[in-house]
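Reading through the structure tokens given below for one structure.
Each value in this text was obtained by applying a stated rule to the coordinates, not by laboratory testing. Just so it is clear, the model here is predicted, and its values are computed rather than measured. Note: ideal-geometry Cβ built from the backbone for every residue, glycine included; neighbour counts use all protein chains shown.
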Amino acid sequence: MTSPSTRPVRTRYAPSPTGPQHIGGIRTALFAWLYARRHGGQFILRIEDTDQKRTVPGSVDLILQALDWLGMDIDEGPREGGEFGPYVQSERLEMYQTWAAWLVDQDRAYKCFATPEELAEMRKAGAGYDRRYRDFPADRASELEAQGKPCVIRFKMPLGGVTIGDDMIRGPVEFDNEQLQDAVLLKSDGYPTYHLAHIVDDRHMRISHVARAIEWLPSFPLHIQIWRALGWKMPQYAHLPVLLNPNGKGKLSKRKQQFADAGGKSVPVLMHEFIDAGYLPSAVMNFLTNIGWNYGDDEEIFSTAQAMERFDLKDVSPANSAYPIAKLDWLNSQYIKRASVDELCRLLKPILEEAGYAVDEERLKQVVPLLRVRLKSTRDVVPIAGFFFADWASFKAPSADILIQRKMSRESTAAVLRGAIPVLQALESFSHVAQHSAVTAYAKSSGFKNGQVFGSLRAAVTGQKVSPPTFETMEILGKQESIRRIKLALQSITGSES
RNA sequence: GGCCCCUUCGUCUAGCGGCCUAGGAUGCCACCCUUUCAAGGUGGAGACACGGGUUCGAGUCCCGUAGGGGCUACCA
């Protein structure tokens, strides 16, 4: 039944098109994809749109966008095509209907005419569907059908015994058959349920390994029984643990929420939120791969190509994980630090433009090396270095709370700034090297610490507490503009002085 | 409620009976360095859920308890 497959490896991601892609689903896709790539197999995308009510138009584009962005290439799917298509379930209805009917013929399934009201009553009574149509005479069923009574097809679950499932991640799992219901295979609208559809498709598409979320584990025995009733060879199944909220409470929710564990910030969970938040796809891949699986060798940072060489579904942890979002910020900053200047320019330019700045490419190239170590996300370029691209003439002096640094007072700050002006003014070359030595000398003679002087200048010139290095910044701004800003700061802090 | 899964530092994890006085990473704290931010460096606090077994020996195997999670639809 579940003996190791010697078939070529073919895995699939089979999402429902119900809206934006959730990070949990994407991680399932990632593990399936990695497994296929590790074994030189194929990765298939299949759209499971058997619930007409929940289908949201445009979802497939979102799914494709997410996979594309992360670099998970698809071998067969609705966009790519392939010899086992169509890859959209609503276009395969006939197959499901055929096999459902076949199961009825084989007496492994039956028509059930229970109304929604009846079902609701049974549920209220506690035990669920009571199999009242399981042994309903065929001629009477035909009668009801002839009268136009709607019906579903239900699977005849074995009434006793146990079903043992072999899960790649946790090994054998045993279930009492009597705990399971006669699940609906085909709905009254002619659409299949997941239970039937995924089996027919996985068999037809030659899927060798199914990586799916753990919420399917309880219906695993049902699926095993359906595979057997159909007489088909099962793929191997791996039930992936879920991502919990950052506080460890409950399944990671779809809605944006705030968590103290994430610094009180709302955490991204939808794929487009990761894109918008300025994360790099490589960092997100690294991040996701490291939850529930690890590369080993105490190596936290590794490429997708490296992961591909080692990944195995068998090594995935069976335990659920809290969503370690803080690690993504760190990983992202590491990837940004390692990115080339050109690459960063390419990423940063549209973000600055979107923020309303006119970006001069030469200037950007000058600025990028200065701020790369300060970026946790590409978005940070706006608060940290946006001022380079603003209209310099309209620069407003920062307020006192920014200007006056730690261990400094209004008076000492004013004194430092006032004294620095002639020092900078006297410089022939305004290079950051020249500034550094001149200002260091000035600090020494004035009795202030380097840090006190440098920090005050940083705030005066940039208007920010966090900024690129002060002297490099002033070099780019030029002597005139830098001194103008220091004078403005002086005014701001003293109220009137010029 | 019933069934199933899970349980190592706050968090992500290493550990597959002796190498564990439990390792790495992140986060936090301290110090160093420094163009007082950031980055970088060094160090620190911080975990085998609990109770029984099995064994010469248990974080590692078994059982129970507790806690967490999932499922319990004509949704997936």
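Working note: 222 nm ellipticity from helices only, DSSP H runs with n ≥ 4, each -39,500 (n - 2.57), summed and divided by the residues of chain A, gives -13500 deg cm²/dmol to the nearest 500. Ignoring lysines fewer than eight residues from A:LYS376 along the same chain, the ones with Cα atoms less than 17 angstrom from its Cα are A:LYS265, A:LYS327, A:LYS337, A:LYS349, A:LYS465. Take the Cα of A:LEU159, step 7 Å along the line toward its Cβ, and report every residue of region A:99-134 whose backbone nitrogen sits under 20 Å from that point. Zone members listed by number: A:104-114, A:127-134.
Each of A:HIS195, A:PHE175, A:ALA141 was scored by the projection of its Cα onto the charge dipole of region A:136-278, and the greatest displacement toward the positive side belongs to A:HIS195; charges sit on the C-beta of Lys, Arg, Asp and Glu. With the charge dipole of chain A set up from +1 on Lys and Arg Cβ and -1 on Asp and Glu Cβ about the Cα centre, the Cα lying farthest toward the positive end among the listed residues A:LEU185, A:ALA441, A:THR115 is that of A:ALA441. Eigenvalues of the alpha-carbon gyration tensor of region A:321-388, scaled by 5 and square-rooted, set the equivalent ellipsoid semi-axes at 23, 13, 9 angstrom, largest first. What does the charge add up to near A:SER282, with Lys and Arg as +1, Asp and Glu as -1, over the other residues with Cβ less than 13 Å from its Cβ? Net charge around A:SER282: +1. Mean sequence separation of contacting Cα pairs (under 8 Å, at least six apart), scaled by the length of region A:4-93, corresponds to a relative contact order of 33 percent. Looking at region A:2-73, the trypsin sites (Lys or Arg not before Pro) that sit in a DSSP loop and have at most 10 other Cβ atoms within 10 Å of their own Cβ are A:LYS53. Charge dipole (Cα centre; +1 on Lys/Arg Cβ, -1 on Asp/Glu Cβ; no other charges) of region A:338-494 amounts to roughly 680 debye. Relative contact order, whole percent, for chain A stands at 12, derived from Cα pairs under 8 Å and 6 or more residues apart.
All Cα-Cα separations within chain A were binned at 20 Å from zero, giving a P(r) of 19, 39, 23, 14, 5, 0, each value a whole percent of the pairs. Here A:LYS124 is the anchor, and the lysines within straight C-alpha reach of less than 30 Å, apart from those fewer than 8 places off in the same chain, are A:LYS53, A:LYS111, A:LYS149, A:LYS156, A:LYS187, A:LYS249, A:LYS251, A:LYS254. What is region A:249-358 by shape, rounded, prolate or oblate, if you read a ≥ b ≥ c off the alpha carbon gyration tensor as root eigenvalues and call it rounded for a/c under 1.5, prolate for a/b larger than b/c, and oblate otherwise? Oblate shape, in that a/c is at least 1.5 and b/c is the bigger or equal ratio. Counted by Cβ distance under 15 Å from A:SER394, the other residues give a net charge of +1, where Lys and Arg count +1 and Asp and Glu count -1. Determine the distance separating the Cα centre of region A:84-104 from the Cα centre of region A:2-58; give it in Å without decimals. Region A:84-104 and region A:2-58 have Cα centres separated by 18 Å. Rg over Rh for region A:46-106 works out to 1.08, both radii taken from alpha-carbon positions and Rh defined as the Kirkwood radius. Here chain A is assigned +1 on the Cβ of each Lys and Arg and -1 on the Cβ of each Asp and Glu. Its dipole about the Cα centre then comes out at about 1640 debye. Each part reduced to its alpha carbon centroid, region A:130-170 and region A:345-373 end up 63 Å apart. Annotation: the antiparallel percentage among DSSP beta bridges lying fully within chain A is about 55.
Give me the net charge for the shell around A:VAL104: Cβ to Cβ below 11 angstrom, other residues only, Lys and Arg +1, Asp and Glu -1. So the environment of A:VAL104 carries a net charge of +2. Which of rounded, prolate, oblate describes region A:379-498, given a ≥ b ≥ c as roots of the alpha-carbon gyration tensor eigenvalues and a/c under 1.5 marking rounded, otherwise prolate only if a/b is larger than b/c? Rounded, because the longest to shortest axis ratio a/c is under 1.5. Annotation for region A:61-101: GluC sites (Glu not before Pro) lying in DSSP loop with at most 10 further Cβ atoms inside 10 Å of their Cβ are A:GLU83. Remark: region A:176-219 carries a charge dipole of roughly 280 debye about the Cα centre, counting +1 on each Lys and Arg Cβ and -1 on each Asp and Glu Cβ.
Positive end of the dipole of chain A (Cβ unit charges, origin at the Cα centre): among A:LEU93, A:SER253, A:GLY41, the Cα lying farthest that way belongs to A:SER253.
Note on region A:445-498 and region A:270-313: Cα centroid distance 41 Å, given to the nearest whole angstrom.
Using a cut-off of 22 Å between alpha-carbon atoms, which lysines can reach A:LYS314, once sequence neighbours fewer than 8 places away in the same chain are excluded? In chain and number order, the partners are A:LYS233.
The mean sequence separation of alpha-carbon pairs under 8 Å and at least six residues apart, normalised by the residue count of region A:351-400, gives a relative contact order of 46 percent.
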